[in-house]
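As structure tokens, the structure follows; a few thoughts come after it.
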Amino acid sequence: MAVVWRDRKRPFLGLPWSFTIYTLTEEKLLVKTGILHQKEEEIRLYRIMDVTLKRSLGERIFGVGTIHCCSADKSTPEFDILHIKDSERVKNMLSDMIEQQREAKRISGREFMDGEDEMFGEDGE
């Protein structure tokens, strides 16, 4: 799977001095954390329901932002893509890719409302 975007969390003065790496492919978002004990979280794009861009004054000064996501993933219902550069562009790109994946898999918003794991298409099948 081709990597569409990759960046690191930039916690200090907008510099990428952290061990959190975000990788976006056409179908999923990967969040890799840690140096000695590593953890990699995988979130399928079609399961992300809401994307919000948040930028504090300090983030705006250093040219970074945080993207808050709500998903239908049971292990990761909410998560943040913290302190990344070009956050507005990344949020727009992520939002477009989420819609593309939902359309490709024929998923509507209803499947997340009933609390079940089954996925239904727009025609209810």
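Only the coordinates and a few stated rules stand behind these numbers; no lab work does. Quantities reported herein were computed from a predicted structural model and do not represent experimental measurements. All Cβ positions, even for glycine, are placed from backbone atoms using ideal geometry, and neighbour counts span all protein chains on display.
Identify which of the listed values of mean projected area of the Cα convex hull in nm² was calculated from the structure shown: [x] 8.3; [y] 12.8; [z] 9.7.
[x]
To the nearest 20 debye, what is the magnitude of the charge dipole of the chain about its Cα centre, counting +1 on the Cβ of each Lys and Arg and -1 on the Cβ of each Asp and Glu?
Magnitude of the dipole: close to 980 debye.
Can you list which of the chymotrypsin sites (Phe, Trp or Tyr not before Pro) found in the stretch 1-53 are DSSP loop residues with at most 13 other C-beta atoms within 10 Å? Could you put the intermediate results ahead of the total?
Details: sites: 5, 12, 17, 19, 22, 46; in loops: 17, 19.
Loop-located and lightly packed - 17, 19.
Helix 87-104 versus the longest principal axis of the chain: what is the Cα-based angle in degrees, 0 to 90, to the nearest 10?
20 degrees
Sticking with the crude label model, points 7 Å out along Cα→Cβ, report the distance from residue 68 to residue 32 in nm, one decimal please.
Roughly 2.9 nm, to one decimal.
Run the numbers for residue 57 and residue 17: contour at 0.36 nm per residue of separation, minus the present Cα-Cα distance, in nm.
Working: separation 40, 0.36 × 40 = 14.40 nm, distance 2.01 nm.
Extending this stretch completely gives an extra 12.4 nm.
Among 68, 83, 37, which comes first, second and so on when ranked by fewest other beta-carbon atoms within 10 Å?
Working: 68 15, 83 25, 37 6.
Result, fewest neighbours first: 37, 68, 83.
Starting from the Cα of residue 74, draw a straight line to each of the lysines and keep only those under 25 Å, dropping any in the same chain fewer than 8 residues away.
Cross-link targets: 9, 28, 32, 39, 54, 91, 105.
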